[in-house]
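The next block holds one structure in the form of structure tokens; read it before the comments.
The values are calculated or read from the model by the stated rules, or taken from the named source; none is laboratory data. Predicted model only: the values in this text are computed from it and were never measured. Methodologically, a virtual Cβ is constructed for each residue, glycine included, from the backbone with ideal geometry; neighbour enumeration extends over all protein chains shown.
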Amino acid sequence: MPLPPLEVQKEIVEQIEVKQKAIEAAKAVIENLERERRYFGQSLRKLKDVEWVELGEVCEVLDSKRKPVTKADRKQGKYPYYGATGIVDYVDDYIFDEKLILIGEDGAKWGVGEKTAFIAEGKYWVNNHAHVLRPNRNKILDEILTAYINSIDLMSYITGVTVPKLNQEKMRSIKIPLPPLEVQKQLVAEMEEQEKIIEANKKLIGIMEQKIEEVLSGI
């Protein structure tokens with residue numbers, strides 16, 4: 001295979017290095033912002049004069065509405081079927097048609113930075129591996145509760161050895177801070193801006209990787 005002239009080779013290497021540096025910089029931005037998410041709980045705890053309550057005091061638990069369906073009995077469709085860690089399938093019917101918070105009951109991870117809690121919206125089905133919560137939004141916003149739950153270590157609330165589980169009683173007893181709603185709205189706006197930056201950098205990484213492939217394929 002004939003090699004391009006040395007000057008052309010140097011130019012190709014330089015092009016790749018520039019793009020690789022852009023990729024590394026974008027990855028660093030994403031890593032730093034995701035690390036900041038893990039410290040969200042600490043930030044809330046540092047706020048002055050914040051009321052602390054148990055989760056069960058500010059959320060309605062809708063677990064009784066959950067319906068597990070075995071994989072063999074599921075009919076494929078367009079509605080997300082949620083389990084402990086997120087969407088596990090799509091089915092032809094739904095139980096819920098509103099914005100709610102899901103928290104892994106069993107089969108989840110409950111350490112700092114794990115996505116134990118997540119928001120579900122639209123029409124969807126939930127099995128019995130995730131708790132279903134409707135927060136009192138006059139007291140706490142979905143995004144704040146979700147971010148806080150995901151930024152703390154929940155292992156002290158977990159029962160069971162063979163099958164670790166965050167049962168409903170323990171979940172209800174989780175202590176959470178209640179900053180003023182205006183403060184919560186400001187924090188949500190900041191999180192949304194950070195998410196935009198993360199997504200923009202992920203897109204940049206994809207573009208730069210594609211450009212590197214184009215450079216290499218043109219040799």
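Taking into account only those residues within segment 158-208 that are assigned to a loop (DSSP other than H, G, I, E, B) and of a type in the set (S, T, Y), which is modelled with the lowest pLDDT?
Going through the qualifying residues, I end up with T162.
Among the strands (runs of 3 or more DSSP E) contained in segment 113-157, which hold 1 or more residues that are surrounded by 17 or more Cβ atoms within 10 Å (Cβ to Cβ) and touching a residue at least 60 places away in the same chain (Cβ under 8 Å)?
123-126, 130-135
Looking at I23, I16, can you tell me which residue is aliphatic (A, V, I, L, M), touching an Asp or Glu at 6+ places or on another chain (Cβ under 8 Å) and not assigned by TED's automatic domain parsing to the domain that holds G111?
I23
Out of the residues in segment 71-106 meeting the condition of being of a type in the set (G, A, S) and without any contact (Cβ under 8 Å) to a residue 40 or more places away in the chain, tell me which one is farthest from H129 (Cα to Cα).
Checking each candidate, the answer is G77.
I'm trying to understand the selection: among the residues of segment 60-116, which are of a type in the set (A, V, I, L, M, F, W, C) and in contact with a His (Cβ under 8 Å, 6 or more places away or on another chain)?
V61, A84, L102, I103, A108
Residue by residue through segment 24-68, note down the ones that are under 19 Å from E192 (Cβ atoms), among the polar types (S, T, N, Q) and modelled with pLDDT under 90.
S43
Does K10 count as within 15 Å of K211 (Cα to Cα) and surrounded by fewer than 15 Cβ atoms within 10 Å (Cβ to Cβ)?
no
Which one is farthest from I144 (Cα to Cα) among residues in segment 37-70 that are assigned to a loop (DSSP other than H, G, I, E, B) and in contact (Cβ under 8 Å) with a residue 12 or more places away in the chain?
V69
Mind listing whichever residues of segment 89-108 are outside any strand (DSSP E or B) and small (G, A, S)?
G107, A108
If you check K175 against the conditions, is it of a type in the set (K, R) and within 19 Å of the chain's Cα centre (by Cα)?
Spelling it out, it is not the case that K175 is of a type in the set (K, R) and within 19 Å of the chain's Cα centre (by Cα).
What is the residue count in segment 63-110 for residues that are of a type in the set (G, A, S) and surrounded by fewer than 12 Cβ atoms within 10 Å (Cβ to Cβ)?
Selection size over segment 63-110: 2.
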